[in-house]
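Have a look at the structure below, then the notes.
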Amino acid sequence: MDRSLASYILRRSLQIPPLMLGISILTFLIFYLSPVNPVVAYLGLVAVQKMPPEDVARVEEQLGLNQAAHVRYLAWLERILHGDWRFSHIKKRPVLDIILERFPATLLLTLTGYGLSAALAILLGLYSALRAGSRFDAILNSLNYMLYSTPTFLVALLAVLVFSVWLDWFPSSRMVSVNEPTAFLPNLADRIYHLMLPASILAISHLAVFSSYIRSSLQESLQEDYILTARSKGLDEMKIVLRHAFRNSLLPFITQVGLSIPLLIGGSVIVESIFAWPGIGKLTYDAALRADYMLLMGLTLFSSSIVILGNLMADVGCAMVDPRIKYR
Amino acid sequence: MIGNHKKTEMLVIEWKNCKGHNVKQIAPGMLIISLLALLALLAPYISTYDPVEARLDRPLESPSLEHPFGTDHLGRDMLSRVLYGTRVSLLVGICAAILAVFLGVLIGLLAGYFGGLIDSLLMRLVDTIYSPPETILLMVLVTMFTRNIWTIILAIGLTHWMSTARLIRSEALSIKQRPFVESATALGAGDGYILARHIMPNLLFIAMVSVTLMTAHAILTESFLSFLGLGIPPHLPSWGNMLNEAQRDLMRGIWWTALFPGMMIIITVLSINLLGDELKRRLAPNREIQKQS
């Protein structure tokens, strides 16, 4: 790795700590300003209702709830940094453990969805950019526009109705079948089978944005002078498109993919909730429905960190592909 | 549903570039939206059934002359519910969009015009609120605070102003350097005067386009939250709420409780996007090209 890239990565990484601090303040402020009773948040409503008032007062004392906001924030931050993210009262386990346990499922779902979406988008975008103005292009654009105005949950409901209820091709919930062996390899096929429908829906929900992004940036690249040069040299059109234009339009696409990470995690909430996929999206939904505030705070912190890391990776990826970025 | 304001704009440009499939008139979008607004206003006259009155003697009736959209599992008339849902969606969408764009313009103007420390602080605020995934932040907000139609509007508004703020900031930065602002400063105009007379009028059209496109997105967001059971309180007829309840019906092959609210969301959002696109073409053309130079 060359020096300039290393220094770019270093400079870019230095932006992260202040941002994380900002997010921790935001998370704390939401909780602090909300009308939620902190004792209920820590112990759960049922537990607090059973407690005598003296005990509630003692817990308040122990948790330092009568201290000033900044003291409470610093104490909270210290605990978070030490990995103590409190207890989830719906799962009866430490928040961080649950999140880390659930995250791989979300990663599997979102990466599959992302990969499918990007691959399809590149194909469709390439084709419609080359056939700009054709009927295929027009239909694809109308479909994209339509898809863009359709909520993901509606697409998911329709897919469940058609593929699970009517055709009975794919399962409509869970990650593995109930009576399958739990070891990884034996039920690989079963896992893929369960993955297909939710991942496709996640892919479709990003397809509109991704494919039109590829199309417009490719069309832009095709207007450049170096394309004219390549054409005048008599290069094969396929080569011009793939080697010259497409490679340059891939760059904004990488940025776009990186910037879409928050949307992807957001999309996983819907898909995971509908398909009972045991990831952090479903976890957020359960936590919200059953008012598990500690879990929600943990999920905000965790998902923000993932987004920040994802954006960093996209930026570094861009810098590796495009040498101009490093010197900015 | 997934996407943000920035992406809407991008798709809009895409749509515009698409030859031979241009929507050249402002009419289609405008017409459908006017029609929807009319339906929302005249809901009590079009359907005489109470949208919230449960009639357990007629649950899940399929569409008929008496109930053109059928009835739901509590025997409530779906046509009434869908019509009253228009009110909820338009109210939430428009109010949240106005709030978001108002905040975005305010913060973008402050950052772009005054620059320096104010600018970097406000932009760090934008970065911070941009970091948590929008959906998760929204779900946390609506869970931690009381949930009614106004807090939903507030929550959507407070989580969607950042893209507008970035856009307005860069516009304000470029307008600030134009000769007419310079001459106004030379003539002794104060910050307030320059902002009100020279900068704001130049941003009005952008703000109008932003409000339109944001309305579409806010309607999608509201329907998403309500669908999860985290949005509009369940007794109010909102399209998202209806779809939440229709989930169980769908598994039993009952389609009318899902189809009509679903169609309404798509029609509404599509027509508002079309209108926003056309407005953008007319009121803020080539803005991206200006920004690049």
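Could we say that A:ASP322 is acidic (Asp, Glu) and surrounded by fewer than 18 Cβ atoms within 10 Å (Cβ to Cβ) here?
So A:ASP322 fits the description; yes.
Six or more apart or on different chains, Cβ under 6 Å: which pairs go from a residue in the stretch A:298-325 that's within 8 Å of another protein chain (Cβ to nearest Cβ) to one that's part of a helix (DSSP H, G or I) and modelled with pLDDT under 85? Could you list them?
A:SER303/A:ILE265; A:VAL307/A:ILE261; A:VAL307/A:PRO262
Which residue out of A:LEU123, A:LEU108 is surrounded by 13 or more Cβ atoms within 10 Å (Cβ to Cβ) and assigned to a helix (DSSP H, G or I)?
A:LEU108
Regarding B:HIS73, is this residue crowded, with 17+ Cβ neighbours inside 10 Å, on the phi < 0 side of the Ramachandran plot, not in a helix (DSSP H, G or I) and not β-branched (Val, Ile, Thr)?
Judged against the criteria, B:HIS73 is not a match.
Does B:THR221 meet the test of being within 24 Å of B:ALA27 (Cα to Cα) and in contact (Cβ under 8 Å) with a residue 12 or more places away in the chain?
no
Regarding B:HIS217, is this residue of a type outside the set (A, V, I, L, M, F, W, C) and crowded, with 21+ Cβ neighbours inside 10 Å?
The answer is yes for B:HIS217.
Among helices (runs of 4 or more DSSP H) lying entirely in the stretch B:134-192, which contain 2 or more residues that are free of Cβ contacts under 8 Å to residues at least 12 places away in the same chain and surrounded by fewer than 17 Cβ atoms within 10 Å (Cβ to Cβ)?
By residue number, B:149-159, B:179-186.
Looking only at the stretch A:95-105, count how many residues are crowded, with 22+ Cβ neighbours inside 10 Å and without any contact (Cβ under 8 Å) to a residue 40 or more places away in the chain.
Selection size over the stretch A:95-105: 0.
Would you confirm whether any residue within the stretch A:254-277 is modelled with pLDDT of 85 or more and either more than 14 Å from chain B (Cβ to nearest Cβ) or more than 23 Å from A:LEU158 (Cβ to Cβ) (or both)?
Yes, some residue in the stretch A:254-277 is modelled with pLDDT of 85 or more and either more than 14 Å from chain B (Cβ to nearest Cβ) or more than 23 Å from A:LEU158 (Cβ to Cβ) (or both).
If I filter the stretch A:26-53 down to residues being among the polar types (S, T, N, Q) and either on the phi > 0 side of the Ramachandran plot or within 14 Å of chain B (Cβ to nearest Cβ) (or both), which single residue comes out as surrounded by the fewest Cβ atoms within 10 Å (Cβ to Cβ)?
A:ASN37
Go through the stretch A:45-68 and give me each residue that's without any contact (Cβ under 8 Å) to a residue 60 or more places away in the chain and either outside any helix (DSSP H, G or I) or under 18 Å from A:ILE90 (Cβ atoms) (or both).
Listed by number, the residues that qualify are A:VAL46, A:ALA47, A:VAL48, A:GLN49, A:LYS50, A:MET51, A:PRO52, A:GLY64, A:LEU65, A:ASN66, A:GLN67, A:ALA68.
Could you please give the count of residues in the stretch A:129-154 that are more than 30 Å from B:LEU225 (Cα to Cα), assigned to a helix (DSSP H, G or I) and hydrophobic (A, V, I, L, M, F, W, C)?
The qualifying residues number 5.
From A:ALA245, A:ALA288, grab the single residue that is buried (at least 24 other Cβ atoms within 10 Å of the Cβ), free of Cβ contacts under 8 Å to residues at least 24 places away in the same chain and either of a type outside the set (Phe, Trp, Tyr) or part of a helix (DSSP H, G or I) (or both).
Only one candidate qualifies: A:ALA288.
Is the stretch A:257-272 home to any residue that is free of Cβ contacts under 8 Å to residues at least 40 places away in the same chain and surrounded by fewer than 21 Cβ atoms within 10 Å (Cβ to Cβ)?
no
Out of B:THR151, B:THR159, report the one residue that is more than 17 Å from A:LEU299 (Cβ to Cβ) and β-branched (Val, Ile, Thr).
That would be B:THR151, the only listed residue that is more than 17 Å from A:LEU299 (Cβ to Cβ) and β-branched (Val, Ile, Thr).
Under the condition of being closer than 30 Å to B:GLY229 by Cβ and small (Gly, Ala, Ser), which residue from the stretch B:97-133 is surrounded by the fewest Cβ atoms within 10 Å (Cβ to Cβ)?
Top of the filtered list is B:SER131.
The values are calculated or read from the model by the stated rules, or taken from the named source; none is laboratory data. Source: prediction; values computed, not measured. Please note: Cβ atoms are built from the backbone with ideal geometry, for glycine as well, and neighbour counts cover all protein chains shown.
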